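This report refers to the structure that appears directly beneath it.
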Amino acid sequence: MGLTTSEAQRILSAAQAEAQNMGIKVGISVVDGRGDLLTMVRLDGASWRSPILSRGKAMASVTFGVPSGDLTERASTPVMQAMIVSQAGNFVPGQGALPIMRGGDVIGAVGVSGGTSQEDEDIARAGIDVL
């Protein structure tokens, strides 16, 4: 079974709560196993670009089934450049997103942007932890 809308909303709420506890203004996106957006938020005071980048990080994570930070070193390779171009810039191989797994399958990803790379990943992890 894939990621449900209800689960995506729970993940988003938990990630949002963590960001607010940390005092960080971020954008948070949750995508399904194909990379389609299920839910997104830009916290008050977060940059206009934070939701765009959070979605791109989530797309990178779900596409390869790994934390988006694991793709950073390969960002300039032809494969990664092709993904960035084919997704019209909605593919960001930078730290801040984690895949959501169920039974060994990638069912989605949560991406965060607006804090440091590690803060973004920590917020994403807090979201996933509710499942």
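No lab work stands behind these numbers, since they all come straight from the coordinates. None of the values given here were measured: they were computed from a predicted structure. So basically every Cβ, Gly included, is an ideal-geometry build from the backbone, and we count neighbours across all protein chains shown.
Here are some notes:
- Listed from fewest to most Cβ neighbours within 10 Å, the set V30, V62 follows the order V62, V30.
- Span-like helix ranges in the chain, DSSP H, alpha carbon extent 20 angstrom or more, Kyte mean at least 0.0: 50-64
- Assuming charge only on the beta carbon of Lys and Arg (+1) and of Asp and Glu (-1), the dipole of the stretch 1-43 about its Cα centre is about 140 debye to the nearest 20.
- Potential lengthening between M22 and E73 on full extension [0.36 nm per residue; Cα-Cα distance subtracted]: 15.6 nm
- Computed helical MRE - 222 nm, the chain, DSSP H runs ≥ 4 contributing -39500 (n - 2.57), nearest 500: -13000 deg cm²/dmol
- The dipole here belongs to the chain: it is taken about the Cα centre, uses +1 on the Cβ of Lys and Arg and -1 on the Cβ of Asp and Glu, and is about 300 debye.
- Relative to the current alpha-carbon distance between R49 and A82, full extension at 0.36 nm per residue lengthens the span by 9.7 nm.
- Here the scattering of the stretch 36-131 is modelled by Debye summation over its C-alpha atoms, one equal scatterer each and no solvent; at q = 0.14, 0.22, 0.25 Å⁻¹ the log10 of I(q)/I(0) is -0.45, -1.09, -1.34.
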